[in-house]
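These notes concern the structure reproduced below.
Rule-based calculations on the coordinates, nothing more; no lab input. Everything numeric in this text was worked out from a predicted model, so none of it was measured. Note that we place each Cβ from the backbone using ideal geometry, even for glycine, and neighbour counts take in every protein chain shown.
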Amino acid sequence: MNETLNLLIGLAMGLNLLALGSSRLPSLIQAMSFQGMLLGLMPLIMEHEHLDWRLGLIALATIAGKGVVIPTLLRRAMRAANIDREIEPFIGFVPSLLLGAAGTIAAVALSQALPLLPEHAGLLLVPGAIASVLTGFVLLIGRAEAISQVCGYLILENGIYLFGLLLIRSTPLVVESGILLDVTVGVFVIGIIVDRIQRAFDSLDTRKLTALRE
Amino acid sequence: MNALLLVIIPLVGAGVAALWPNNRTRPWLLPIVGLAHVVLTGWMFLDPPEVASNAWLAFDPLARAVLPAVSLLFLVCAAYGVTYLQIRSERPNRVFVALLLAVLGLLSAGHQARHLGLLWIATEGVTLAAVPLLHFNATPRAYEATWKYLLVGGTGIALSLLGSFCLGYASLHGGGGGDLTFVALMSQGAGLSRPWVLTAWVLLLVGYGTKMGLAPMHTWKPDAYGEAPGIVGAILAGGVTTVAFTAILRIRAVIAAAGEGPIADRTLLAIGLFSMLVAALFLLGTRDFKRMLAYSSVEHMGILSVGAALGGPGLAAALFHVWTNGLTKGTLFLSAGNIRRAAGSPSMDQVRGMAVLTPRSAAIFVTGMFAVTALPPFGPFFSELQLVRAALAGGHGTASAVFLGCLLLAFFGLTRVVFGIVDGRPRTAARANGKRFVETAGVIAPPLVLLGMSLWLGLCTPEILREAWAAAVAQLFPTSTP
């Protein structure tokens, strides 16, 4: 079971690099959406011995939310905004990729310093989580356009979700659903603001948001 | 049960506000709910309930030491809000009123949260609920500020979730059963896994520090406070930052129980002094009097962080400062809101002589500025004095010197901007034929009341408040008596 899980985590880490190298917005959204679906499958594989309805529910909600609903919303926003689908980066694609690769190596090295319980010892969850968080940061900082930044934020959140899988057995359902709810509402709020920015500035290029500075 | 009521009453109020049909009468819900909240909080403050140690949500000593200040601030702001929303009757206020009440409910939950996960959920809820409040003015500048708030605040809150998971794993790795209440985590103490505890502390400090507005994670603050209505700024600066501060205090107690207290205190001291320095330097440069308030808020968050780093006596002073800073900042935000409305611009390049155009607001603004820069006999003077004494008693001579130097720089910066706006020949950016701003009782009394409370806290700090702060210190430092 560990092998399957590690394979999925490895795929998710590969998708990080794909996201960093995407020069077109649809492929960035695609990478993020695949990653979301992979993440949704993971709890099922981790706990395949004692599956119950709550796990099924979490997996379903994750796949539907991260893999389908959010990407659809982003695609719709993209079409509505009628933006240039070529992404213009602050940090170029090759430097982004190099940063992502260095981040992945750093993540593996860093995770050596953190002790794990025996049942988590062979898993790539911690390096996967750190690598995704770093990828999210690079996208947040390195992309000029609002939807790409949202994608970066969501990949960062995917990393946190990966880490949360370590605690899946011990956290109560109330807490998990609260977190899930907050995250979902957060994405909707972000979506609304993206829409407003589009109307107010007639663009989603955050380089135009420069009125406020010292 | 009452602890839950403090959360439910405002949330029900928010629901009612969302359904209320009339735009003109809806704002009255704000003071009604605010008053109910103050009465309930006051009652629980005077007659503190028994706290079950495993409760997730309770009016415990720490909540008792700070929540009443937030509740009072909200009530006064709510009274101001009625007049403010009458002036702004051209804008629909359904979302504004409902979410302002929701913020109160979530703040109550956050202050009383004794569970790591619940604390995060409440804080994230406040962050999200505040978003539409920030862009109430619907200008491009407001959307820009909101976007920056969302990205920086969202990233911060995400990191604090990661930190919460790390702390959870520290407990799991140390043989804990996954009980994430602060009491359980503290009782596990040295059993928590050390590398995970340190990782968690860094992430949680960055995460909740972003919410609090500690430098260098403060970048959203000037934009958000600069563009939001004064009433929202007052509640963000006095309430939302406080919930993040209590979060950091609760987490620090866990870290200290795990034996890493000295590291936690050193980081808090460093980040606190750094925030004060950054804020003081930006205060010397800014030309916008609302952004000035944001930097002043960053400075005072630094003061709180320094206080939290100084052990029992410092923490008592910091809790005192939560009260004095929250109430005084409320005065400043509300009077600045008046001046901004009359002047049509927040920049000292375009606005002069407001002492002539809005004499009452200007007088309150200037007095509030002196109060917040620690002029006796206002509250902030006494809380900061207590803090410096705690620092000197603890042998932090250099830190005290930096602390006082930053206060002096901030004083120069604040007086520069405030007198630049108040003095001189009147000049505004407002259109000559626009609606003139009238200083009615509705917009003057609330900041004046807050200023009065700040004075009262300074002149005669009630003994029961000192006792409440001491109880909170005892909760967070279970082994040592302050």
Projected onto the charge dipole of chain A (unit charges on the beta-carbon of Lys, Arg, Asp and Glu, signs +1, +1, -1, -1), the Cα from A:PRO43, A:MET78, A:GLY128 with the largest positive-side position is that of A:MET78
Per-residue ellipticity at 222 nm attributable to helices in chain B (runs of n ≥ 4 DSSP H, -39500 (n - 2.57) apiece, nearest 500 deg cm²/dmol) works out to -25000 deg cm²/dmol
Given 10 °C, 1.306 mPa s and a Kirkwood radius over Cα pairs, the Stokes-Einstein diffusion coefficient of the protein assembly as shown in µm²/s is 62 µm²/s
At 25 °C in a medium of viscosity 0.890 mPa s, segment B:282-402 has a Stokes-Einstein diffusion coefficient, with Rh taken as the Kirkwood radius over alpha carbon pairs, in µm² per second, of 161 µm²/s
The Rg/Rh figure for segment A:102-214, Cα atoms and Kirkwood Rh, to two decimals is 1.08
Within the under-11-Å Cβ sphere about B:ALA113, not counting B:ALA113, Lys/Arg +1 and Asp/Glu -1 give a net charge of +1
Note on segment B:2-476: contact order normalised by length, alpha-carbon pairs under 8 Å, 6 or more apart, percent, works out to 16 percent
In whole Hz, the Karplus estimates of ³J(HN,Hα) for segment B:5-19 (6.51, -1.76, 1.60; θ = phi - 60°; x where Gly or Pro) are 4, 4, 7, 6, 4, x, 5, 5, x, 4, x, 4, 4, 5, 9
Phi-derived 3J(HN,Hα) across segment B:233-250 with the Karplus relation (6.51, -1.76, 1.60, θ = phi - 60°), rounded Hz, x for Gly and Pro, is x, 4, 6, 5, 6, x, x, 5, 5, 5, 5, 5, 5, 5, 4, 4, 5, 5
Cα-based Rg and Dmax for segment A:2-208, in Å, come out at 17.1, 54
Per DSSP loop assignment and a cutoff of at most 13 other beta carbons within 10 Å, chain B keeps its longest run without exposed GluC sites (Glu not before Pro) at B:91-482
Computed for the protein assembly as shown: size of charge dipole around the Cα centre, +1 on C-beta of each Lys and Arg, -1 on C-beta of each Asp and Glu, debye to nearest 20, value 2240 debye
Karplus ³J(HN,Hα) for segment B:392-404 (6.51 cos²θ - 1.76 cosθ + 1.60, θ = phi - 60°; Hz, whole; x = Gly/Pro) runs 5, 5, x, x, 9, x, 5, 4, 5, 5, 4, 3, 5
Cross-link reach from B:LYS329 to lysines, straight Cα distance under 26 Å and at least 8 residues apart if same chain, gives B:LYS148, B:LYS211, B:LYS221, B:LYS290
In nm, the gap between the two label points placed 7 Å beyond Cα toward Cβ at B:ARG88 and B:ARG427 is 2.8 nm
For B:HIS115, other-chain or 5+-apart residues with amide H closer than 5 Å (H placed, Pro excluded) are B:PHE182
Rg/Rh of chain B (Cα atoms, Kirkwood Rh), to two decimals, equals 0.96
Where a ≥ b ≥ c are root eigenvalues of the Cα gyration tensor, a/c under 1.5 meaning rounded, otherwise prolate if a/b exceeds b/c and oblate otherwise, segment A:32-106 counts as oblate
In degrees, nearest 10, the alpha-carbon axis of helix A:70-81 is tilted away from the dominant principal axis of the alpha carbons of chain A by 10 degrees
Cβ-Cβ cut-off under 15 Å around B:ARG26, Lys and Arg +1, Asp and Glu -1: the net charge is +3
Taking only the alpha-carbon atoms of segment B:380-482, the convex hull volume per residue, in cubic angstrom, is 176 Å³
